[in-house]
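Asker: Can you read through this structure? Questions will come right after.
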Amino acid sequence: MHPVASIPSPSQGVWHLGPLPLRAYAIMIILGIVVAVWLGERRWAAKGGTPGVIIDVAVWAVPFGLVGGRLYHVITDYQRYFGEDGDPLRALEIWKGGLGIWGAVALGAVGALIGCRRRGISVLALADAVAPGIALAQAIGRWGNYWNQELYGRPLDAFWALEIDENHRPMLDGGPALDPKYADVATYHPTFLYESLWCIGVAALVIWADRRYKLTHGRAFALYVAAYTVGRGWIEALRIDDAHHVLGLRLNDWTSILLFLGAVAYLYRARGRTGPENVGAATAGTVAAEPGATGTGPDEIASGDEPGAVDLEKEPETPDGAPSADGEAEAAAEASGVAAPDEEPEAEPEEPEAEAATPAEEPGEAEEREEPEEPEARADEEPEPDAGDPAAEPETADSETDFEADPEAESEPAADDEAPASEEQDPAGDNGKDGAGDPAEKGEPVKDGK
């Protein structure tokens, strides 16, 4: 049976760099691990976890997972290695393929639990973070089966059928003799491709459901297990490689059924679990309380609103009606007459009563009248009296007649004794009085003021 179109198989799956062999199967496994760690780190950071935790846990989980996957394969196919014609040393030839996903997940979880306990974080929270990454790792790793031409399905006559070389077709009882049923069959179901595409869909489903329903406390990982086992069940039914059968079903089918039921039961049981998870990172701006206090666990530290954490950015509150620290400072400042910080100084005290009678000046008038004081500018000269001061007029020749003509002028100097004290504050003096002389006629400089 030779279809018109098909998927060709690779001519080789091993390349040699001198004495070092590069195997495509191992490259696919390593690439899958890298993608799983990368996506897991991103999802862990989105949970608020510390960067680098996924890598640290992978140091434990990956070796445990590889050993677990190989042990599962060897145990379920023990006749190949410990049978009548078996070779136990072949059990160590992991590069030739043979990793059971169930053993990899089971023993890998043990390694992850060790890593999580060393970091003080929740293994369920970490499982949720890495769940879609594990599915993508499986999708990439299945292409290793393609390079090894293994784990294909029943014969298929279609354009997507996979070509299998004669030396990789099913053998009689695992021996060197080719099974006559498949001697002339060249194309088969590409079960590796089916499972790879299914795993990509599982990863997308978990990511979507996690965003939509906020799956926490292991529910995202349970959804991954349930969705993967559904696809693995029907894909397993297509395979024709040797496997143990129980009640007419392959062993991996029974494993898928049990894991599916367990995952669904956990999803139902944990449907109402909410609250913060122990991701091992405190919220920025908080300090954990002393050990033994309420809310000091990592779960509580992950939330800034939990008890046991002190918010450094929040201002201390005071009881209702009690003065705050700032209020006490303001009261003390008012009592001492000193303005409190960050406040505008209060108005200057009122002028003495002697100056209170000075007419109010218009805004900006004081600035216009500010001039150097004449006593300082004319140190050698006697200070000239104000132009409007009648007591100073008798000193000039022109003012003698006016002095004699005004009999009341003798009584006014006593009232002007305080005038010099207010000259600096009121440059205008008594210029506004009727009968004041013209400063220009007395030879005095005219001051700008009005």
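The values are calculated or read from the model by the stated rules, or taken from the named source; none is laboratory data. From a predicted model like this one, the values you see are computed outputs, not experimental measurements. Please note: Cβ atoms are built from the backbone with ideal geometry, for glycine as well, and neighbour counts cover all protein chains shown.
Asker: Only one of (1) at pLDDT 90 or above; (2) hydrophobic (A, V, I, L, M, F, W, C); (3) in a helix (DSSP H, G or I) fails for residue 89. Which number is that?
Answerer: Result: residue 89 passes all but (1).
Asker: So which residues in segment 207-221 are in contact with an Asp or Glu (Cβ under 9 Å, 6 or more places away or on another chain) and either within 20 Å of residue 29 (Cα to Cα) or outside any loop (DSSP other than H, G, I, E, B) (or both), if there are any at all? Before the answer, list the steps.
Answerer: The initial filter retains those residues of segment 207-221 that are in contact with an Asp or Glu (Cβ under 9 Å, 6 or more places away or on another chain), namely 210, 215-221.
Those that are in contact with an Asp or Glu (Cβ under 9 Å, 6 or more places away or on another chain) and either within 20 Å of residue 29 (Cα to Cα) or outside any loop (DSSP other than H, G, I, E, B) (or both): 210, 219, 220, 221.
Asker: If a residue must be part of a loop (DSSP other than H, G, I, E, B) and of a type in the set (D, E, K, R), how many such residues does segment 222-252 contain? Give the steps one after another, and end with the answer.
Answerer: Restricting attention to segment 222-252, the residues satisfying the condition of being part of a loop (DSSP other than H, G, I, E, B) are 237-238, 240-244, 247-248.
Adding the requirement that they be of a type in the set (D, E, K, R) leaves 241-242.
Result for segment 222-252: 2.
Asker: Just checking, which of 136, 151 is part of a loop (DSSP other than H, G, I, E, B), surrounded by 14 or more Cβ atoms within 10 Å (Cβ to Cβ) and in contact (Cβ under 8 Å) with a residue 24 or more places away in the chain? Full working, then the answer.
Answerer: Values: 136 fails: part of a loop (DSSP other than H, G, I, E, B).
The match here is 151.
Asker: Just the residues that are on the phi > 0 side of the Ramachandran plot and surrounded by fewer than 18 Cβ atoms within 10 Å (Cβ to Cβ), please, taken from segment 98-129. Explain how you work it out, then say what you get.
Answerer: As a first pass, look at segment 98-129 and keep what is on the phi > 0 side of the Ramachandran plot: 98, 120.
120, the sole residue that qualifies.
Asker: Condition test on residue 160, is it assigned to a helix (DSSP H, G or I) and either among the hydroxyl-bearing types (Ser, Thr, Tyr) or surrounded by fewer than 22 Cβ atoms within 10 Å (Cβ to Cβ) (or both)? Outline the logic, then answer.
Answerer: Working: assigned to a helix (DSSP H, G or I): no; either among the hydroxyl-bearing types (Ser, Thr, Tyr) or surrounded by fewer than 22 Cβ atoms within 10 Å (Cβ to Cβ) (or both): yes.
No, not satisfied.
Asker: Another question, then. Scan segment 227-282 for residues that are under 17 Å from residue 125 (Cβ atoms), surrounded by fewer than 18 Cβ atoms within 10 Å (Cβ to Cβ) and of a type in the set (Val, Ile, Thr) and jot them down.
Answerer: Scanning segment 227-282 gives a single hit, 274.
Asker: Another question, if that's okay. Touching a strand residue (DSSP E or B) at 6+ places or on another chain (Cβ under 8 Å) and without any contact (Cβ under 8 Å) to a residue 12 or more places away in the chain - does that describe any residue in segment 247-270?
Answerer: Taking every residue of segment 247-270 in turn, at least one turns out to be touching a strand residue (DSSP E or B) at 6+ places or on another chain (Cβ under 8 Å) and without any contact (Cβ under 8 Å) to a residue 12 or more places away in the chain.
Asker: Checking the structure you have, find out if any residue of segment 205-221 is crowded, with 18+ Cβ neighbours inside 10 Å and within 26 Å of residue 77 (Cβ to Cβ).
Answerer: no
Asker: Under 8 Å between Cβ atoms, which residue pairs at least 6 apart in sequence (or on different chains) link something in segment 208-228 that is within 10 Å of residue 267 (Cβ to Cβ) and free of Cβ contacts under 8 Å to residues at least 24 places away in the same chain with a partner that is crowded, with 23+ Cβ neighbours inside 10 Å and among the charged types (D, E, K, R)?
Answerer: Hits for this filter: zero, empty list.
Asker: Determine which member of the set 71, 22, 66 is touching a residue at least 12 places away in the same chain (Cβ under 8 Å), under 20 Å from residue 140 (Cβ atoms) and aliphatic (A, V, I, L, M). Before the answer, list the steps.
Answerer: On the way: 71 fails: under 20 Å from residue 140 (Cβ atoms); 22 fails: touching a residue at least 12 places away in the same chain (Cβ under 8 Å).
Result of the check over 71, 22, 66: 66.
Asker: Moving to a separate point now. Name the residues in segment 96-117 that are in a helix (DSSP H, G or I) and hydrophobic (A, V, I, L, M, F, W, C), would you? Walk me through how you get there before you give the answer.
Answerer: So the first thing to find is which residues in segment 96-117 are in a helix (DSSP H, G or I), and the list is 96, 101-117.
Once the filter is applied, which keeps residues that are in a helix (DSSP H, G or I) and hydrophobic (A, V, I, L, M, F, W, C), segment 96-117 yields 101, 102, 104, 105, 106, 107, 109, 110, 112, 113, 114, 116.
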